[in-house]
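The values are calculated or read from the model by the stated rules, or taken from the named source; none is laboratory data. Only a predicted model underlies this, so the values are computations on that prediction, with no experimental measurement involved. So basically every Cβ, Gly included, is an ideal-geometry build from the backbone, and we count neighbours across all protein chains shown. All accessible areas refer to the heavy atoms of the entire protein, side chains included, with ligands and DNA or RNA removed. Shrake-Rupley method; radii C 1.70, N 1.55, O 1.52, S 1.80 Å.
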Amino acid sequence: MPVASFAALLTVWTLALLIPGPDFLAVSHASVARSRRDAVFVGLGVAAAMAIWATTSLVGLTVLLVRFQPVFEAVRVAGAAYLLWLAFQLLRSAARRRVHGPAAGAAGVRSRGAVSAFRAGFLCNIGNPKAAVFFSSVFAALLPPHVDWEYRTAIGVAIPAIGVAWYVLVACLFSAKRVAAAYARARRVVDAVTGTLFAVLAGDLLIAE
């Protein structure tokens, strides 16, 4: 496998990560609403799901998922339902804060353990079958027909590793004291906007062809 193809693939993946989506929203909101530690574990959960999508794409299994419509549709509906649940939680918190004041809003966000945060990130990504389409398309376009297992292993490790690095950076940036203080002042608006975005992303996932 030419080094240029390997570099091009990782460059495309890095640029794709920079586009805000449900994973970015989940990590950034966990940073400002909960803690840096919570956000890091959310990011690790997202990266674990990415590793699964990348690995199954490298061995050709996601092609079967995309072609087997009942399973693909089930994953898509489940992913959209999870995003809608996240949207409901955030919008309910924003509504309670508007009606009952800051104390009610604060009660809506509880600390959670590493496993719970990891699970939240994992479900956010694994429920989006668009990842299967993305990886399958990118690999088909940028990988040579016959790639040694060493390169496949390197790709399977590099993709989630880049994801971990990016989301740890996001967690650190959004959990900075100034950002956290700004969130505390505008939490109702931020929760409402984030919840709305989750709902929009869920709708996009449901109507996507």
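Rundown of residues vs (1) outside any helix (DSSP H, G or I); (2) modelled with pLDDT of 90 or more; (3) open to solvent by 10 Å² or more (accessible area, probe 1.4 Å); (4) farther than 20 Å from Asp191 by Cβ, yes/no style:
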site	(1), (2), (3), (4)
Leu9	no, no, no, yes
Trp13	no, yes, yes, yes
Ala16	no, no, yes, yes
Ile19	yes, no, yes, yes
Ala26	no, yes, yes, no
Ala30	no, yes, no, no
Asp38	no, yes, no, no
Val42	no, yes, no, no
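Which members of the range 186-209 meet the condition of being open to solvent by less than 70 Å² (accessible area, probe 1.4 Å) and under 15 Å from Ala33 (Cβ atoms)?
Those that are open to solvent by less than 70 Å² (accessible area, probe 1.4 Å) and under 15 Å from Ala33 (Cβ atoms): Ala186, Arg187, Val190, Asp191, Ala192, Thr194, Gly195, Phe198.
Of all residues in the range 114-144, how many are surrounded by fewer than 20 Cβ atoms within 10 Å (Cβ to Cβ) and small (Gly, Ala, Ser)?
5
I'd like to verify a number: residues in the range 132-183 that are part of a loop (DSSP other than H, G, I, E, B) and more than 22 Å from the chain's Cα centre (by Cα), how many?
Of the residues in that region, 6 qualify.
Where the second residue is surrounded by fewer than 18 Cβ atoms within 10 Å (Cβ to Cβ) and the first is small (Gly, Ala, Ser) and lies in the range 132-154, which pairs have Cβ atoms under 8 Å and are six or more apart or on separate chains?
Cβ pairs passing all conditions: Ala132/Val66; Ala132/Phe72; Ser136/Val63; Ser136/Val66; Ala154/Phe6.
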